[in-house]
Amino acid sequence: MRNGSSQLIHLSLAEIRRLITRLTNRRPTPVGHILHWSTWRRRRQHQARISHYKRRGHSPWMYT
């Protein structure tokens, strides 16, 4: 499996709102932690999407 941004889903409006909320929260959280969590979440969503399509027998071009 390749590493990099090609294995992430695009930023959704909900994810952008979540990031803005977390970055402007009154309780300080390190920015690196927030961005790492967002990247981890989007990578897992991408993997779930691939698994969903594979289970249903869709062709590989659908995974990108």
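May I ask you to list the residues in the stretch 8-17 that are assigned to a helix (DSSP H, G or I) and either hydrophobic (A, V, I, L, M, F, W, C) or over 12 Å from the mean Cα position of the chain (by Cα) (or both)? Steps first, please.
Residues of the stretch 8-17 assigned to a helix (DSSP H, G or I): 13-17.
Within the stretch 8-17, Leu13, Ala14, Ile16, Arg17 qualify.
Output the residue which, of all residues in the stretch 21-53 that are of a type in the set (Gly, Ala, Ser) and within 11 Å of Ile9 (Cα to Cα), is least open to solvent (accessible area, probe 1.4 Å). Walk me through how you get there before you give the answer.
Step one: of the stretch 21-53, the residues of a type in the set (Gly, Ala, Ser) are 32, 38, 48, 51.
Those still in the list that are within 11 Å of Ile9 (Cα to Cα) too: 38, 48.
Details: Ser38: 3, Ala48: 58 Å².
Here the residue is Ser38.
The values are calculated or read from the model by the stated rules, or taken from the named source; none is laboratory data. Keep in mind it's a predicted model, so treat the numbers as computed, not measured. These area figures cover heavy atoms from the full protein model, side chains too; ligands, DNA and RNA do not enter into them. Shrake-Rupley method; radii C 1.70, N 1.55, O 1.52, S 1.80 Å.
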